[in-house]
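Visitor: Have a look at this one before I ask anything.
The values are calculated or read from the model by the stated rules, or taken from the named source; none is laboratory data. Every value quoted in this text rests on a predicted model; they were computed, and no experiment measured them. When we count neighbours, we look across all protein chains shown, and the Cβ atoms used for this are built from the backbone with ideal geometry, even at glycine. These area figures cover heavy atoms from the full protein model, side chains too; ligands, DNA and RNA do not enter into them. Shrake-Rupley method; radii C 1.70, N 1.55, O 1.52, S 1.80 Å.
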Amino acid sequence: MSAFHWEIQLVSMVVATACALPGTFLVLRKMAMMSDAISHAILPGIVIGFFLTENLSSPLLILGGAVAGLLTVALVEWIRKTDRVREDAAIGLVFSTLFALGVLMIAQFANDVHLDIDAVLLGELAFVPFDRLMLFGRDLGPQALYATGIVGLLCAGFILLFYKELKLATFDSALCATLGFLPGVLHYSLMGLVSMTAVAAFDAVGSILVIALMVGPPASAYLMTHQLSKMILYSIILAILAAISGYWAAYLLDASIAGCMATMVGVEFAVLFCVAPHQGLLVAWKRRRHQRWAFAIKMLVIHLLQHEDTPESEQECRVDHLQDHLAWEQPFAEGVVARALSRKLIRSVGEYLELTPSGRNLAHQAMVHV
Amino acid sequence: MIEQLLGDYTLRTVTLGAAILGAVSGVLSTFVVLRQQSLLGDAVSHAALPGIGLAFLITGSKASLILMIGAGIAGWLGTALVLLITHSSRVKYDSALGLVLSVFFGIGLVLLTFIQKSSLPNQAGLDSFLFGQAASLVMEDVLTMTVVGGLALVVILLFWKEFKLLAFDPDFARSLVLPVRWLDVGCTTLLVVVIVIGLQTVGVVLMSAMIIAPAAAARQWTDHFGMMTLISMIIGMLCGTGGSILSATTSNLPTGPIIVVCTSGVVVMSILAAPHRGILWNKIRQILQNRRLRAEAVLLDLFDLAKQHETPEYPHMEEVLRVIYPQSGSLLRQLQGLQSKGLVMRNEHGAWALTPDGVIRCHQLIKERTP
């Protein structure tokens, strides 16, 4: 295993973490599509920054992209406020127009430099180790590592510093405003972070993977927990996991690294969607099945209680009578009786069913509930 | 230029294709914008990519109809997944969209790289679907677009009032025992179809503008649904035509982006300058209204001041009025304006008085304003 592999994996882990941090808040604030909008709309900012510096890895590019990202947010907000176009349409319009402007600028002025749309959208992680940071003649490792590392630290620092403010602004923006915490400023800072992360990551992984890493792991984590701090932690773990497994999948399949990572994000979500502890489809299915039996057992004991010590009890308390009275199919009725017997709620006396004390107890409780 | 347009095969094909695409997406965008599905369109166009790859892998053909079918199925599947995720988990709509969009696109990338590295023949040009390559359109593609797009339009016409009801009041539609869910599926399917026929011309990212912008612009010009659809179609068609001609006559202007920039330009213009809803007109109306109210206030003040005296036409010096408006620099202008309308007059001492017409106007105003 060469340094090449290590470096790519290290960069992808850093990118994953840097994306998952602000991504968690995007998902919680129902603004996941802003990651899509911003990661496309930074294109003109990057292009202008590139014209100014002639260097694809200059910090000015990150700044230009961040400005373009904030411009997107501000434009969407402005259009929404005019009340002429709804917010979703405004988002779609602004980012696609900015992206189109970026493409036009590239086509007009930069046709022959290393800055094409493929690179922005798709990125190429395999090239990351070739672009190295040299300082005083010493090789300090791939440049992308530093760019994304710094932005990642910035995100982490911002979230640590303003954790409770962000939490408040996310879950109760009105309360946040009344307490004087300026949710608007927090909103724009968060959007600035999203833009900076998107720009820092675009060269390495491309816009699409940025969206996948910002939305996917937090959405998966959202299925697993109710707690913000845990959600952030799970998001980071899931993002890193997707990055590493995606890298090896790409290595084995000889396919696009970014594509494989995005696919792994999807696989993670699909798995958790099915088996997550409280939210998963499987658990929900089991819960429904359990509830169905539990409800049927309650019906049975209530039925028996109603007819206990009455003249018609001989008629009503037979297993084959349940079919008529509770409209249960024969196999289902037998299943209910078997479960109730095994839980010692009823006992069978000859052909009749009789409540045990605990069964009577359950029936009384259930009646109170009703 | 028209000669050039008719003479040049590529230009003719591209322009025709863009015009048809603009018209069809213009019509569909009305529904998209009114039903707030703008971002779904973006997700669908990204989600279509793996379908294109798979269709090519399975059939080995690059015929646009086959690729369209693949893209359509994938886009439709993406939409269904978004619905499944939002219905059966607590993940919200926006996250589901972002997830489906990026993951499907990722899968598509994997397939495309797989195809590129395989030794399948005839694979070049598949990635034109990513960013759109209008110049690669041939007459056959345009024909496919026309037939598929035409079918979509026919379906819309057939179910016109049902779709209209769906867009405005789905609950009412349900109460009429219309199959709302199927209408919804049908309308979304049409959206997928239109996106798919546009991918080759403008590409994945820019297609989302094509299904938002025309209707967003048209909405500003009218409050009538049929009118809005018509305007939207015309805007889409004109921008498609204009954009492709612009791109052909200028060097280094790719067709897709220039069409998108044109349409967005129309949106901005409409938001600013459309009658009734335009922001500029609103501003002007507001200014005129303010001016009228200020003038009326001065008139009524003169009337109030004169009440202290025996006649309502009793004159007052400008300085007296200035006491009421210490800050206003425009008092003299208001008075002169009123004078030119014959409502006040200036006597030989320079004092201002109401004319008989002014008194009548004052009575009218007071009557109008007392509820």
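Visitor: Being of a type outside the set (V, I, T) and touching a residue at least 60 places away in the same chain (Cβ under 8 Å) is the filter here; which residues of the stretch B:151-182 pass it?
Guide: Once the filter is applied, which keeps residues that are of a type outside the set (V, I, T) and touching a residue at least 60 places away in the same chain (Cβ under 8 Å), the stretch B:151-182 yields B:A152, B:L153, B:F163, B:K164, B:L166, B:A167, B:F168.
Visitor: What pairs come up if the first residue lies in the stretch B:254-266 and is closer than 14 Å to B:G236 by Cβ and in the same structural domain as B:L206 (by TED's automatic domain parsing), the second is open to solvent by 10 Å² or more (accessible area, probe 1.4 Å) and of a type in the set (V, I, T), and their beta carbons are under 6 Å apart, counting only those six or more places apart or on different chains?
Guide: Sorted first by the residue in the stretch B:254-266, then by its partner, the pairs are B:S264/A:T97; B:V266/B:I235.
Visitor: Taking B:I197, is it open to solvent by less than 20 Å² (accessible area, probe 1.4 Å) and more than 10 Å from chain A (Cβ to nearest Cβ)? Break it down into steps so the answer makes sense when it comes.
Guide: Values: open to solvent by less than 20 Å² (accessible area, probe 1.4 Å): yes; more than 10 Å from chain A (Cβ to nearest Cβ): yes.
Considered against the rule, which asks whether it is open to solvent by less than 20 Å² (accessible area, probe 1.4 Å) and more than 10 Å from chain A (Cβ to nearest Cβ), B:I197 comes out as yes.
Visitor: With the condition being under 16 Å from A:L362 (Cβ atoms), I'd like the helices (runs of 4 or more DSSP H) fully within the stretch A:298-349 carrying at least 2 qualifying residues.
Guide: Values: elements: A:313-316, A:322-325, A:330-342.
The helices (runs of 4 or more DSSP H) meeting that bar are A:330-342.
Visitor: Continuing with this model, one more query. Look at the stretch B:208-223 and say how many of its residues are outside any helix (DSSP H, G or I), in contact with a helix residue (DSSP H, G or I) (Cβ under 7 Å, 6 or more places away or on another chain) and open to solvent by 10 Å² or more (accessible area, probe 1.4 Å).
Guide: Narrowing the stretch B:208-223 to residues outside any helix (DSSP H, G or I): B:211-212, B:222-223.
Checking the rest, the ones that are also in contact with a helix residue (DSSP H, G or I) (Cβ under 7 Å, 6 or more places away or on another chain) come to B:211-212, B:222.
Filter once more, keeping what is open to solvent by 10 Å² or more (accessible area, probe 1.4 Å): B:222.
Counting residues in the stretch B:208-223 that are outside any helix (DSSP H, G or I), in contact with a helix residue (DSSP H, G or I) (Cβ under 7 Å, 6 or more places away or on another chain) and open to solvent by 10 Å² or more (accessible area, probe 1.4 Å) gives 1.
Visitor: Go through B:G53, B:G41 for me and flag whichever is within 12 Å of chain A (Cβ to nearest Cβ), within 24 Å of B:D169 (Cβ to Cβ) and buried (at least 24 other Cβ atoms within 10 Å of the Cβ). Let's see the steps before the verdict.
Guide: On the way: B:G53 fails: within 24 Å of B:D169 (Cβ to Cβ).
It is B:G41.
Visitor: Quick one: which residue in A:Q306, A:Q227, A:Q323, A:Q291 is open to solvent by 70 Å² or more (accessible area, probe 1.4 Å) and in the same structural domain as A:F162 (by TED's automatic domain parsing)? Give the steps one after another, and end with the answer.
Guide: Numbers: A:Q306 fails: in the same structural domain as A:F162 (by TED's automatic domain parsing); A:Q323 fails: in the same structural domain as A:F162 (by TED's automatic domain parsing); A:Q291 fails: in the same structural domain as A:F162 (by TED's automatic domain parsing).
Of the residues listed, the single one that is open to solvent by 70 Å² or more (accessible area, probe 1.4 Å) and in the same structural domain as A:F162 (by TED's automatic domain parsing) is A:Q227.
Visitor: Further question on the same structure: For the stretch A:257-272, which positions are facing another protein chain (nearest Cβ under 7 Å) and open to solvent by 20 Å² or more (accessible area, probe 1.4 Å)?
Guide: Once the filter is applied, which keeps residues that are facing another protein chain (nearest Cβ under 7 Å) and open to solvent by 20 Å² or more (accessible area, probe 1.4 Å), the stretch A:257-272 yields only A:T263.
Visitor: Which residues, counting only those in the stretch A:237-256, are buried (at least 24 other Cβ atoms within 10 Å of the Cβ) and closer than 14 Å to A:V14 by Cα?
Guide: A:L238, A:A239, A:A242, A:A243
Visitor: Shifting gears a bit: Give me the pairs: first residue in the stretch A:68-80 and in the same structural domain as A:A41 (by TED's automatic domain parsing) and open to solvent by 10 Å² or more (accessible area, probe 1.4 Å), second residue among the hydrophobic types (A, V, I, L, M, F, W, C) and not in a helix (DSSP H, G or I), beta-carbon distance under 8 Å, and six or more apart or on different chains, which are they?
Guide: What qualifies is A:I79/A:V85.
Visitor: What helices (runs of 4 or more DSSP H), lying completely within the stretch B:238-340, carry at least 2 residues that are open to solvent by 40 Å² or more (accessible area, probe 1.4 Å) and within 14 Å of chain A (Cβ to nearest Cβ)?
Guide: Numbers: elements: B:255-273, B:279-306, B:318-324, B:331-340.
Of the helices (runs of 4 or more DSSP H) lying wholly inside the stretch B:238-340, those with at least 2 residues that are open to solvent by 40 Å² or more (accessible area, probe 1.4 Å) and within 14 Å of chain A (Cβ to nearest Cβ) span B:255-273, B:279-306.
Visitor: Can you name the residue in the stretch B:134-176 that is at pLDDT below 85 and outside any helix (DSSP H, G or I) and, of all such residues, is most open to solvent (accessible area, probe 1.4 Å)?
Guide: Selected residue: B:V138.
Visitor: Being surrounded by 14 or more Cβ atoms within 10 Å (Cβ to Cβ) and either in contact (Cβ under 8 Å) with a residue 60 or more places away in the chain or within 16 Å of B:R294 (Cα to Cα) (or both) is the filter here, so list the residues in the stretch B:355-371 that pass it.
Guide: We begin by selecting, within the stretch B:355-371, every residue surrounded by 14 or more Cβ atoms within 10 Å (Cβ to Cβ); these are B:355, B:358-359, B:361-362, B:365.
Across the stretch B:355-371, the qualifying residues are B:G358, B:R361, B:C362, B:L365.
Visitor: Any residue at all in the stretch B:193-215 that's without any contact (Cβ under 8 Å) to a residue 12 or more places away in the chain and not basic (K, R)? Before the answer, list the steps.
Guide: Of the residues in the stretch B:193-215, the ones without any contact (Cβ under 8 Å) to a residue 12 or more places away in the chain are none.
No, there is no match, as no residue in the stretch B:193-215 is without any contact (Cβ under 8 Å) to a residue 12 or more places away in the chain and not basic (K, R).
Visitor: Would you please list the contacts, defined by Cβ atoms under 6 Å and residues six or more apart or on different chains, that run from a residue in the stretch A:301-320 that is in contact (Cβ under 8 Å) with a residue 60 or more places away in the chain to a residue that is open to solvent by less than 30 Å² (accessible area, probe 1.4 Å) and aliphatic (A, V, I, L, M)?
Guide: Hits for this filter: A:V301/A:L345; A:V301/A:A363; A:I302/A:A363; A:I302/A:A366; A:L305/A:A363.
Visitor: Restricting attention to the stretch A:90-110, report how many residues are buried (at least 24 other Cβ atoms within 10 Å of the Cβ) and facing chain B (nearest Cβ under 7 Å).
Guide: Counting residues in the stretch A:90-110 that are buried (at least 24 other Cβ atoms within 10 Å of the Cβ) and facing chain B (nearest Cβ under 7 Å) gives 8.
Visitor: Consider A:L238 against the criteria (1) away from chain B (no Cβ under 12 Å); (2) over 20 Å from the mean Cα position of the chain (by Cα); (3) within 29 Å of B:L109 (Cβ to Cβ); (4) touching a residue at least 12 places away in the same chain (Cβ under 8 Å): it satisfies all of them except one. Which criterion is unmet?
Guide: Only one criterion is unmet by A:L238, namely (2).
Visitor: So, of the residues in the stretch A:1-57 that are free of Cβ contacts under 8 Å to residues at least 24 places away in the same chain and within 14 Å of chain B (Cβ to nearest Cβ), which turns out to be most open to solvent (accessible area, probe 1.4 Å)?
Guide: So, considering only residues that are free of Cβ contacts under 8 Å to residues at least 24 places away in the same chain and within 14 Å of chain B (Cβ to nearest Cβ), the one most open to solvent (accessible area, probe 1.4 Å) is A:K30.
Visitor: In this structure, does A:A219 turn out to be part of a helix (DSSP H, G or I), within 25 Å of A:M34 (Cβ to Cβ) and of a type in the set (A, V, I, L, M, F, W, C)? Steps first, answer last, please.
Guide: On the way: part of a helix (DSSP H, G or I): yes; within 25 Å of A:M34 (Cβ to Cβ): yes; of a type in the set (A, V, I, L, M, F, W, C): yes.
Yes.
Visitor: Could you run through the stretch B:17-47 and say how many residues are under 15 Å from the mean Cα position of the chain (by Cα) and among the aliphatic types (A, V, I, L, M)?
Guide: Initially, the stretch B:17-47 is screened for residues under 15 Å from the mean Cα position of the chain (by Cα), giving B:22-39, B:41.
Pick out the ones that are also among the aliphatic types (A, V, I, L, M) and you get B:23-24, B:27-28, B:32-34, B:39.
Of the residues in the stretch B:17-47, 8 are under 15 Å from the mean Cα position of the chain (by Cα) and among the aliphatic types (A, V, I, L, M).
Visitor: Identify, by number, the condition in (1) closer than 18 Å to A:L145 by Cβ; (2) more than 24 Å from the chain's Cα centre (by Cα) that A:I46 doesn't meet.
Guide: Unmet condition: (1).
Visitor: Let me ask something additional. Identify all residues within the stretch B:77-110 that are open to solvent by 30 Å² or more (accessible area, probe 1.4 Å) and either hydrophobic (A, V, I, L, M, F, W, C) or more than 7 Å from chain A (Cβ to nearest Cβ) (or both); write none if there are none. Break it down stepwise before answering.
Guide: Keep residues of the stretch B:77-110 that are open to solvent by 30 Å² or more (accessible area, probe 1.4 Å), which gives B:77, B:80-81, B:83-84, B:86-88, B:90, B:92-93, B:107.
Passing the criteria: B:L77, B:A80, B:L81, B:L83, B:L84, B:T86, B:H87, B:Y93, B:I107.
Visitor: Inside the stretch B:224-234, can you point out the residues that are more than 12 Å from B:V266 (Cβ to Cβ) and either in contact (Cβ under 8 Å) with a residue 12 or more places away in the chain or in a helix (DSSP H, G or I) (or both)?
Guide: Start the filter on the stretch B:224-234 by keeping residues that are more than 12 Å from B:V266 (Cβ to Cβ), which leaves B:224-230, B:233.
Hits for the stretch B:224-234 are B:F225, B:G226, B:M227, B:M228, B:T229, B:L230, B:M233.
Visitor: Collect the residues in the stretch A:28-64 that are closer than 17 Å to A:F158 by Cβ and in contact with a Ser or Thr (Cβ under 7 Å, 6 or more places away or on another chain), keeping them in residue-number order.
Guide: The answer is A:L28, A:R29, A:I38.
Visitor: Being modelled with pLDDT of 85 or more, part of a helix (DSSP H, G or I) and under 22 Å from B:I271 (Cα atoms) narrows it down to one of A:I79, A:I38, so name that one.
Guide: Values: A:I38 fails: under 22 Å from B:I271 (Cα atoms).
Sole residue among the options that is modelled with pLDDT of 85 or more, part of a helix (DSSP H, G or I) and under 22 Å from B:I271 (Cα atoms): A:I79.
Visitor: Next up: For the stretch A:174-199, enumerate the residues that are closer than 26 Å to A:F95 by Cα, open to solvent by 10 Å² or more (accessible area, probe 1.4 Å), in contact with a helix residue (DSSP H, G or I) (Cβ under 7 Å, 6 or more places away or on another chain) and at pLDDT below 85.
Guide: Passing the criteria: only A:P183.
Visitor: Here is a follow-up. Name every residue in the stretch B:350-371 that is part of a loop (DSSP other than H, G, I, E, B) and under 17 Å from B:H316 (Cα atoms), in order of residue number.
Guide: If we filter the stretch B:350-371 for residues that are part of a loop (DSSP other than H, G, I, E, B), which is where we start, we get B:350-351, B:355, B:370-371.
Correct list: B:G350, B:A351, B:T355.
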